[in-house]
Amino acid sequence: MKDNMIMFGEDWGNHPSSTQHLAKKFSETRKVLWINSIGLRRPKLNINDSIRVISKLSKMIKREQCPKIEVPQNMSIFQAKALPFPGNSMARRINSFLLPNSINEFARKQGIEKPVLWISLPSAVDAVGTLNEKLSIYYCGDDFSSLAGVDHDAISRMEEELVGRVDLIFTASANLTKKFPSGKAHYLPHGVDYDLFHQKYERPFDLPTGKPIAGFYGSISDWIDVDLLEHTAKYLPDWNIVLIGEVKTNIQKLKKFENVIFLGRKNHIELPAYVQNWQVSLLPFKRNQQIEFCNPLKLREYLAVGRPIVSTDIPVVGEYKDHVYVCGNGDDFSHKILEASFDGAKSNNNIWRMFNNWEGIEALQLNQLGRKLSVKDESWSNRANEVLNKLSKTATTS
């Protein structure tokens, strides 16, 4: 099955989401038209939202999109004409006219007819049935009823409508699958760019030296347990806690610690070098509704590097329980970091003595190999093939 695809997602290139990883793989064998986000919440009267609206409107008035960011050869990026007011009945009526007219015209120019329609954002529900698609898919990567920065009531209603209209549903976590009709929903675990994270890199110049490092990368948002990290920094003064990513929550409690270092946002291709050069990777998430349904991409990326991982007790790590140190309260988190740093080595609490202990080194190498092998066959190519095989079977039986 080599059907071309139209995919609704977030703005292309903002961050390497699971949908973007899959889109790149799909584009290796077919044409893909990527539609940038039409919004998950109504704009507010502030500077940031005003700038975003102006940017969106300027893209809409252009007939074709020629983004400066790199895109695969068989992919086109398009900013559809739509009003960013999810849930508003008037906006939906207008969008039901704007969306198909703007997209169909552009799709024809790209030689895309009777596509498979892939929707990652419920706000695109009005596109279903209007693009001459032969099959429609809802890919659910988050619990939108609890996702920060979303008009929850409006998006939840649109998601419910979308679920009833599409042919197939894929979900990014097992818990998400349970939300939807069992005959229609299928769990599609995240993949990993194993080669990117497995190959060796030089130590980044801005990574601190002199102490072992426990590190995290990703959005530093409300789902990060700042109190837990505060306790960890206090309990482990001989460690550096390195946090990579855009800060979107209150971190005042952490700024008072010299051993908590914020390195800002990095490009995805830069991240493996950081993980390879710290001692322990962290998943310091709160246990809330959003995290209950999440499946962080970084878990498999951490595993591909092979460094020990310490995580709070969140559902998704159960899939790799033999390769992740799972903890409870603050003291336990700090203890697990120390335990993980030895990773089975027979030594005392001085991490550097491990490297003078042959048994310790051997145990470390075996555990590291086990983590790498646990995700070696979970590439994005394999995940894309799972989707395409399911689509082929669905098209055959329909």
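Where a number appears in this text, it was derived from the coordinates with a stated rule and is not lab data. Worth saying up front: this structure is predicted, and the values here are computed from it rather than measured. Note: ideal-geometry Cβ built from the backbone for every residue, glycine included; neighbour counts use all protein chains shown.
Hey, what D do you get for the range 279-349 in µm²/s if you plug the Kirkwood alpha-carbon radius into Stokes-Einstein at 20 °C and 1.002 mPa s?
Diffusion coefficient, whole number: 171 µm²/s.
State the answer as a single residue: which of T249, I224, I269 lies farthest towards the positive end of the charge dipole of the range 200-274, with beta carbon charges of +1 for Lys and Arg and -1 for Asp and Glu, about the Cα centre.
I269
Compute the Rg/Rh shape ratio of the range 194-375: radius of gyration over Kirkwood radius, all on alpha-carbon atoms.
Using only Cα positions, Rg/Rh for the range 194-375 is 0.93.
With a cut-off of at most 15 other beta carbons within 10 Å, and DSSP calling the residue loop, which chymotrypsin sites (Phe, Trp or Tyr not before Pro) in the range 172-275 qualify? Please list them.
Loop-located and lightly packed - F205.
Cα-Cα over 22 Å: which of K2/K25; K248/K336; K2/K134; K2/K393; K2/K390?
Violating the 22 Å Cα-Cα cut-off are K248/K336.
Roughly how compact is the range 71-171, stated as its Cα Rg over 2.2 N^0.38 Å to two decimals?
It is 1.08.
Can you list, bin by bin at 5 Å, the percent of alpha carbon pairs in the range 228-328, starting at 0?
2, 11, 21, 24, 24, 16, 3, 0
Please list 9-15, 389-395 highest first by mean number of surrounding beta-carbon atoms within 10 Å per residue.
Highest mean packing first, the order is 9-15, 389-395.
Sorted by packing (mean other beta-carbon atoms within 10 Å per residue), highest first, where do 296-303, 132-139 land?
296-303, 132-139
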